[in-house]
């Protein structure tokens with residue numbers, strides 16, 4: 001189920017991130033979750049005219065998803081934001097969409113999609129790559 005949940009989250013997160021890049025030239029942090037009922041929710045905890053720092057937005061989303069996970073309301077979640085990273089096989093930093101994905105089973109992965117600004121305000125996207133990560137949303141305090 002995690003693969004299906006992750007695919008659904010990516011199919012929600014990536015197009016919205018690309019829309020933000022087209023409009024703003026960057027990804028303003030946001031998230032998406034899948035409820036236990038299978039419903040997908042998009043979470044954007046900011047107003048465009050009054051936006052806090054990216055890290056604060058990521059922290060707000062993380063805390064909200066942790067609470068929803070602890071309360072048994074969601075089965076998967078993802079947080080999306082803008083970074084600069086060096087893709088595998090490259091030696092130069094590039095802008096990228098960074099997506100953290102987690103599932104209640106404990107599976108956690110980062111999906112990174114490099115992008116570049118082209119002429120006339122267009123953007124191109126490279127091949128994504130993934131890395132495993134430690135869960136931070138579906139964690140249970142002991």
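Relative to the longest principal Cα axis of the chain, at what angle does helix 2-24 sit, 0 to 90 degrees, rounded to 10?
It is inclined by approximately 40 degrees.
Identify which of 36, 27, 109 has the largest mean-square fluctuation in a Gaussian network model of the chain, with springs joining Cα atoms closer than 10 Å.
So, out of 36, 27, 109, the one fluctuating most is 36.
Which residue, 11, 132, 91, tops the fluctuation ranking in a GNM of the chain built on C-alpha contacts under 10 Å?
Highest fluctuation among the options: 91.
Mean residue ellipticity at 222 nm from the helices of the chain, using -39,500 (n - 2.57) per DSSP H segment of n ≥ 4 over the full residue count, to the nearest 500 deg cm²/dmol?
Here the helix-only value at 222 nm equals -9500 deg cm²/dmol.
When all alpha-carbon pairs of region 77-142 are counted, what percent fall beyond 13 Å?
66 percent
If you average 1/r across every pair of different Cα atoms in the chain and take the reciprocal, what Kirkwood value do you get, in Å?
Taking the inverse mean of 1/r over all distinct Cα pairs, the chain comes out at 15.5 Å.
Go ahead and set up a Gaussian network model of the chain, Cα springs under 10 Å, then flag whichever of 59, 71, 95 fluctuates most.
Between 59, 71, 95, it is 71 that shows the largest mean-square fluctuation.
Taking Cα atoms, how many degrees apart are the long axis of helix 54-70 and the longest axis of the chain, rounded to 10 and kept between 0 and 90?
30 degrees
I need the calculated FRET efficiency for the pair residue 39 and residue 132, taking r as the beta carbon distance and R₀ as 25 Å, to the nearest 0.05.
According to the calculation, E is roughly 0.40.
FYI, it's all coordinate maths here, none of it is from the lab. Since the structure is predicted, the reported quantities are computational estimates derived from the model, not experimental observations. Positions of Cβ are generated from backbone atoms using ideal geometry, with glycine treated the same way; all protein chains shown enter the neighbour counts.
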